[in-house]
Ligand code: GLN
């Protein structure tokens, strides 16, 4: 079935999905995220012909939070290659929450996958560069290329707010350091990680990055590769198996689209060969996914037959 995006229809789907936000809660363990309006819901769909259809207020910026994990992973796979990355972080999904420390107590302490915080911290520690600003700038330059937007930066307020309260993530780092999986100074790594998570952009930027993954790593306009095909494939596979935390199985059944969520309420989705989707809906379910955002994706998937696993 062809993808027929129609602005009125998309706006109607947004209105239908919005009420689900009342069952959720804006993340407040990072104090600066608590300012978001729980009833906000916006979406952008970016197709390979360069067309963008959107609904809701798509000028609002969203910090990437865990969405950044997939972008840091792509960069680090390009920096170090698969073998080196997967020596330090695994490939298996987990039914533990994203910030869980439990598995690090077992041998081997290698984090299960790069989408949970322990694995993401390992990935961030592998970003090449001589200093935190240099490493952050390399990541930002990559993200700007993917989004085709030179102006993307990070929110200093959100980064500072998370840095001041990231006690759990510091604990994960100390476990990882004890087991020789990272050897970086913990405060330095938390500094880089919190800035990475605070990179902010609109739903349109998210959708455009989703489209790059959907096009196997190619720039939608120039057709030039922005990352190798294998890197795009690995990232999309993680989006399917681990992208929605410990709700990835249910999401695969109900939606069936490679996607990555963040506790800011953002979702980046990549429908192979067809489109990129960016969503912002800050009210979260108990696993940390945007409640209305997931409902909206479910609706889009069913209406336009977007599941990579087939079916109507
Ligand atoms: N910055 C957040 C954290 O580490 C990201 C987590 C998330 O989006 N699930 O807690």
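Annotations for the structure displayed:
- Residues in region 65-80 that are within 16 Å of the ligand (Cβ to nearest atom) and touching a helix residue (DSSP H, G or I) at 6+ places or on another chain (Cβ under 6 Å): 65, 68, 69, 70, 71, 72, 73.
- Residues of region 103-114 include at least one that is within 15 Å of the chain's Cα centre (by Cα) and within 16 Å of the ligand (Cβ to nearest atom).
- Residue check, residue 141 surrounded by fewer than 15 Cβ atoms within 10 Å (Cβ to Cβ) and in a helix (DSSP H, G or I): yes
- Cβ separations smaller than 7 Å between residues 6+ apart or across chains give the following pairs from region 13-28 residues that are assigned by TED's automatic domain parsing to the domain that holds residue 40 and closer than 7 Å to residue 283 by Cβ to residues that are modelled with pLDDT of 95 or more and in a helix (DSSP H, G or I): 21/291; 21/292; 24/291.
- Within region 163-193, considering residues that are over 11 Å from residue 121 (Cβ atoms) and buried (at least 17 other Cβ atoms within 10 Å of the Cβ), the one nearest to the ligand (Cβ to nearest atom): 163
- Given (1) in contact with a strand residue (DSSP E or B) (Cβ under 8 Å, 6 or more places away or on another chain); (2) under 18 Å from residue 69 (Cβ atoms); (3) part of a loop (DSSP other than H, G, I, E, B), number of the condition residue 127 does not satisfy: (1)
- Any hit, region 154-161, residues being surrounded by fewer than 21 Cβ atoms within 10 Å (Cβ to Cβ), within 29 Å of residue 87 (Cβ to Cβ), in contact (Cβ under 8 Å) with a residue 60 or more places away in the chain and not assigned by TED's automatic domain parsing to the domain that holds residue 292: no
- If you filter region 149-162 down to residues that are touching a helix residue (DSSP H, G or I) at 6+ places or on another chain (Cβ under 6 Å) and not in a helix (DSSP H, G or I), you find that the one that is farthest from the ligand (Cβ to nearest atom) is 150.
- Just one of (1) surrounded by fewer than 22 Cβ atoms within 10 Å (Cβ to Cβ); (2) at pLDDT 95 or above fails for residue 287. It is (2).
- Test: residue in region 81-97 that is touching a residue at least 60 places away in the same chain (Cβ under 8 Å), away from the ligand (no atom under 16 Å from the Cβ) and within 16 Å of the chain's Cα centre (by Cα): no
- Sub-6 Å Cβ pairs linking a first residue in region 210-233 that is under 18 Å from residue 306 (Cβ atoms) to a second residue that is loosely packed, with under 14 Cβ neighbours inside 10 Å, at least 6 apart or interchain, are 216/229, ordered by first then second residue.
- Filter result for residue 273 (surrounded by 24 or more Cβ atoms within 10 Å (Cβ to Cβ) and either in the same structural domain as residue 39 (by TED's automatic domain parsing) or more than 17 Å from the chain's Cα centre (by Cα) (or both)): no
- Highlighted here are the helices (runs of 4 or more DSSP H) found entirely within region 174-257 that include at least 1 residues which are closer than 26 Å to residue 303 by Cα, touching a strand residue (DSSP E or B) at 6+ places or on another chain (Cβ under 9 Å) and in the same structural domain as residue 46 (by TED's automatic domain parsing): 203-214, 229-242, 248-254.
- Residue that is within 14 Å of the ligand (Cβ to nearest atom) and within 20 Å of the chain's Cα centre (by Cα), where the choices are 62, 43: 62
The values are calculated or read from the model by the stated rules, or taken from the named source; none is laboratory data. Predicted model, so just to flag it, every value in this text is computed and none were measured. Glycine gets a Cβ as well: all are built from the backbone with ideal geometry, and neighbour counts include every protein chain shown.
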